[in-house]
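Notes follow once the structure below has been shown.
What follows draws every value from the coordinates through simple rules; no lab data is involved. Note that the coordinates shown come from a computational prediction; the quantities given were computed from them, not determined experimentally. Positions of Cβ are backbone-derived with ideal geometry, glycine not excepted, and every protein chain shown enters the neighbour counts.
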Amino acid sequence: MKKLVVSIILILSASAAPLTGAFTAPLFYDVPETVWYYDSVAFAIERGLIDGRGNGSFDPNGTLTLREAAALAGRLNPDYKPPEPQNGDAPVSRAQFAEYVYSAMGKDKLEAINEITDYAIRDVARDAEYADAVYALYRAGVLTGSDEFGRFFPARTLTRAEACVLARRALEPASRRYTSLPDKISAEDIFTLSISSAFTIETYDGSGKFIRSGSGFFISPDGLAATCFHVLTGAYSAEITISGGGKHKVLGVAAYNAETNAALLRIEGAGFNWLPIADSDGVKTGATAYSLGSPLGLDGTISEGVISYAGREVEGQDMLQFTSNISQGSGGGALLDVTGRVIGITSSSYTAGETLNLAVMSNHITALRAGGTTPLGAIARAA
């Protein structure tokens with residue numbers, strides 16, 4: 001195989017042909033000139049970024065390993081020395097590969113050509129270790145998203161062909177892509193994307209007697225969730241039911257602020273779907289908003305309305321006033337913008353009027369710093 005790869009490199013270098021598929025010999029029997037990634041594989045082979053798999057095969061649809069990803073990153077920049085992966089034969093995730101490319105290239109070589117606002121990539125959590133890398137690569141046109149919603153799918157593996165495409169874009173600015181994220185998603189799509197992130201919460205007192213039900217939603221896949229603090233009042237234990245099924249124990253509270261009425265819960269389990277959080281300071285009066293929660297225990301209920309007043313001061317706190325319908329049990333649910341990102345936590349209503357509802361601003365969620373898990377009973381006793 002070494003002789004074959006050397007021959008290919010010599011042919012490509014000697015011909016100095018542009019990367020348009022016009023080569024005098026095939027690269028590999030499984031990389032025909034007609035496939036979309038041919039030029040990128042040729043680019044990667046010509047520059048020694050990656051090797052074939054032997055016997056004339058490149059294995060374009062094979063999964064890139066951590067060892068191959070580290071080696072490729074080191075070849076992108078000879079001055080970059082990636083750490084040796086502990087399990088080199090394990091598949092590399094898309095998030096890990098993004099970190100490799102970002103570390104190898106550096107900010108100076110990733111000039112932004114796309115306007116991607118902070119927190120706009122809906123499946124990249126703002127506190128994820130790889131967030132800076134992914135946003136830089138989206139803005140530079142190296143990454144473009146994997147579906148119509150611009151999602152990145154950080155946990156998915158990467159094929160060898162895809163790795164060549166991204167490596168070429170990283171090294172060759174002319175091959176980078178202009179892209180944008182949707183500034184509006186249909187209500188149907190918002191519901192589909194969001195519903196499995198929402199849940200009903202039931203709380204119980206010290207003797208196990210039911211107190212109340214409320215709503216909540218996940219903000220990270222590892223079980224961190226948000227709700228209103230008032231939902232937890234007097235609770236010694238709680239259980240959630242995810243919309244569509246599945247019960248999980250509430251392990252405790254990771255952070256809370258009784259004054260702003262925001263709380264972060266630790267839920268037993270992992271791998272949850274979660275909702276991205278937007279900057280509530282950017283919410284404007286008149287904007288469309290969707291409430292997602294469990295009014296009267298009817299889980300998975302979505303309602304459309306508008307922000308009737310952004311920044312309504314109530315008892316010393318700025319809140320979002322909105323018109324989408326909520327009822328008892330909606331407290332702690334998500335208030336979403338037209339991209340399906342959280343702009344608030346549905347909190348309360350004025351009983352004397354119609355559709356006069358209030359939500360805790362989402363920035364009160366991000367202001368909380370999740371720490372250790374405090375049992376619900378400890379908070380109930382301290383209240």
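Can you give the convex hull volume of the alpha carbon atoms of the chain per residue, in Å³?
160
Cross-chain or 8 or more residues apart, Cα under 20 Å: how many lysine pairs in the chain fit that? Count them up, please.
Lysine pairs meeting both conditions in the chain amount to 5.
Charges at C-beta only: +1 for Lys and Arg, -1 for Asp and Glu. How large is the resulting dipole of the chain about its Cα centre, in Debye rounded to 20?
700
Using θ = phi - 60° and the Karplus relation 6.51 cos²θ - 1.76 cosθ + 1.60, list the HN-Hα couplings for the range 307-318 in order, rounded to whole Hz, with x at every Gly or Pro.
Running phi through 6.51 cos²θ - 1.76 cosθ + 1.60 with θ = phi - 60° gives 7, 7, 6, 8, x, 6, 7, 9, 6, x, 10, 6 Hz.
Using the Karplus equation 6.51 cos²θ - 1.76 cosθ + 1.60 (θ = phi - 60°), what ³J(HN,Hα) coupling, rounded to whole Hz, does each residue of the range 148-158 give in order, writing x for Gly and Pro?
5, 9, x, 5, 9, 6, x, 7, 5, 7, 10
Taking amide H positions as placed 1.01 Å from N in the peptide plane, with prolines and chain starts having none, which residues 5 or more places from residue 265, or on another chain, fall under 5 Å of its amide H?
Placed amide hydrogens put 225, 226, 227, 254 under 5 Å from residue 265.
Using the Karplus curve 6.51 cos²θ - 1.76 cosθ + 1.60 with θ = phi - 60°, what ³J(HN,Hα) values do you get for each residue of the range 222-239, in whole Hz, with x for Gly and Pro?
Calculated HN-Hα couplings, in order: 8, x, 7, 9, 10, 7, 7, 4, 5, 4, 8, 4, x, 7, 10, 7, 7, 9 Hz.
Express the relative contact order of the chain as a whole percentage, based on alpha carbon pairs under 8 Å and six or more residues apart in sequence.
Contact order relative to length: 12 percent.
Whose amide H sits under 5 Å from the amide H of residue 65, counting only residues 5 or more places off or on another chain, with H placed in the peptide plane?
The answer is 92.
At 222 nm, what value in deg cm²/dmol follows for the chain if DSSP H runs of at least 4 each add -39500 (n - 2.57) and the sum is divided by all its residues, to the nearest 500?
Calculated at 222 nm, the ellipticity per residue is -6500 deg cm²/dmol.
For the range 133-280, what relative contact order do you get, as a whole percent, if you take Cα pairs closer than 8 Å and at least 6 residues apart?
For the range 133-280, the relative contact order is 19 percent.
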